[in-house]
Amino acid sequence: MLENLSARLQGIFSGLKSKGRLTEEDINAAMREIRMALLEADVNFKVVKSFIAATKERCLTAEVLDSLTPAQNVIRVVLDELTALLGETNAKLELSGRMPNVIMLVGLQGSGKTTAAAKLAYRLKQQNHQPLLVAGDVYRPAAAEQLATLAGEIGVKVYRGDGQDPVRIAREGVQEAISTMRDVVIIDTAGRLHVDEDMMAEAQAIKDAVEPDQVLMVVDAMTGQDVVNVAAAFAERVDFDGVIMSKMDGDARGGGALSIRQVTGKPIKFISAGEKPDSLEEFHPDRMAKRILG
Ligand code: GDP
């Protein structure tokens, strides 16, 4: 993902490097090309607009234009601005002192919630926590089964409850964690194919019932521009604390991943690039920006 953008940017930068001195027109031309590359990578147009404005302003200073290595300085500015766009610093998963800590996952159906729940549990288990997974997705018949299978693979307990009331299951799951001395509860919830009122109301009801320490939204990086619309709808209706960006291993253009922080104001906490339990990585804006610039 983002390989095309990466190749485009590297091409633009090598063009700049071959010029030696840079004029204002060179910077303007490079900014136009960067703008196109970002739009083609499916980055939200408002995000592109403010990114280019900020980058251009910093590149058109004497400090950059009159320096001995203007192209290098332009690259540095782009790197800085890209890092800022991605959220600047690594937003760690902070567990509170509460026992048990409750983490709730929300997102559309198919976004990768169930898989992310298991990956998160695996990660916490590796860090010597005793997580409990709670199967709150009561509508997709295979969801609880899928979670139980994944939980079995990573050796983590799962609470499935019975019945069709996700609020009750979530509450009981937290109780179960208390009585079995689990220190983190990860609640998988039901998504829908599109943003809809029932899903939002249900997520909010679970949130009210269990008062999670954090709500993480799982978004599918392959859904491009739509990522931003979905996340903005959730941010408005069920406030969340951070994002897990799934399917970063796909070959989509990936602009959603670059837009989400600025559009929602919420940090990306993890990215997932694969279906294996260990494919959840902490998200580091600076590393990602460096990777994109090559
Ligand atoms: P949910 O409906 O939100 O719970 O989504 P699932 O967790 O069931 O994921 C939907 C599909 O995406 C499943 O086939 C997963 O195996 C797959 N999936 C989830 N995360 C990733 C990922 O990071 N990379 C890839 N390639 N596939 C993923």
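Tabulated data
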quantity: Ile206 being open to solvent by less than 10 Å² (accessible area, probe 1.4 Å), within 12 Å of the ligand (Cβ to nearest atom) and either without any contact (Cβ under 8 Å) to a residue 24 or more places away in the chain or closer than 24 Å to Thr149 by Cβ (or both); calculated: no
quantity: Boolean, Thr89 is out of contact with any strand residue (DSSP E or B) (no Cβ under 8 Å at 6 or more places or on another chain) and closer than 22 Å to Ile271 by Cα; calculated: yes
quantity: Residue within the range 229-248 that is modelled with pLDDT under 90, touching a helix residue (DSSP H, G or I) at 6+ places or on another chain (Cβ under 8 Å) and within 13 Å of the ligand (Cβ to nearest atom) present; calculated: no
quantity: Filtered residues of the range 136-166 (kept if touching a Ser or Thr at 6+ places or on another chain (Cβ under 9 Å), within 11 Å of Thr189 (Cα to Cα) and open to solvent by 60 Å² or more (accessible area, probe 1.4 Å)); calculated: Arg140
quantity: Leading residue by the ranking (farthest from Met222 (Cα to Cα)) among those in the range 18-37 that are surrounded by fewer than 14 Cβ atoms within 10 Å (Cβ to Cβ) and among the basic types (Lys, Arg); calculated: Arg21
quantity: Single condition Met199 does not satisfy, out of (1) away from the ligand (no atom under 15 Å from the Cβ); (2) under 18 Å from Arg237 (Cα atoms); (3) part of a helix (DSSP H, G or I); calculated: (1)
quantity: Residue under evaluation Tyr122, criteria (1) at pLDDT 95 or above; (2) within 16 Å of the ligand (Cβ to nearest atom); (3) crowded, with 23+ Cβ neighbours inside 10 Å, criterion not met; calculated: (3)
quantity: Filter result for Arg98 (part of a helix (DSSP H, G or I) and either open to solvent by 20 Å² or more (accessible area, probe 1.4 Å) or more than 30 Å from Glu24 (Cβ to Cβ) (or both)); calculated: no
quantity: Single residue of the range 101-119 satisfying the filter (closer than 16 Å to Lys276 by Cβ and hydroxyl-bearing (Ser, Thr, Tyr)) that is most open to solvent (accessible area, probe 1.4 Å); calculated: Thr115
quantity: Strands (runs of 3 or more DSSP E) contained in the range 211-294 and holding at least 1 residues open to solvent by 10 Å² or more (accessible area, probe 1.4 Å) and touching a residue at least 60 places away in the same chain (Cβ under 8 Å); calculated: 214-220, 268-272, 280-282
quantity: Unique residue being in a helix (DSSP H, G or I), within 12 Å of the ligand (Cβ to nearest atom), touching a residue at least 40 places away in the same chain (Cβ under 8 Å) and touching a helix residue (DSSP H, G or I) at 6+ places or on another chain (Cβ under 6 Å) when the list is Thr83, Thr114; calculated: Thr114
quantity: Wholly enclosed helices (runs of 4 or more DSSP H) of the range 1-71 bearing at least 2 residues at pLDDT 95 or above and either under 19 Å from Glu81 (Cα atoms) or under 28 Å from the mean Cα position of the chain (by Cα) (or both); calculated: 3-17, 24-40, 45-59
quantity: Some residue of the range 134-147 being more than 12 Å from the ligand (Cβ to nearest atom) and part of a strand (DSSP E or B); calculated: yes
quantity: Residue satisfying condition, being charged (D, E, K, R), open to solvent by 10 Å² or more (accessible area, probe 1.4 Å) and within 20 Å of Phe283 (Cβ to Cβ), within set Glu88, Glu40, Glu63; calculated: Glu88
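The values are calculated or read from the model by the stated rules, or taken from the named source; none is laboratory data. The model shown is predicted, which means the values in this text are computed figures rather than measured ones. Neighbour counts are summed over all protein chains in view; Cβ atoms, including those assigned to glycine, are modelled from backbone coordinates with ideal geometry. Ligands, DNA and RNA are excluded from the accessible area calculation, which covers all protein heavy atoms including side chains. Shrake-Rupley method; radii C 1.70, N 1.55, O 1.52, S 1.80 Å.
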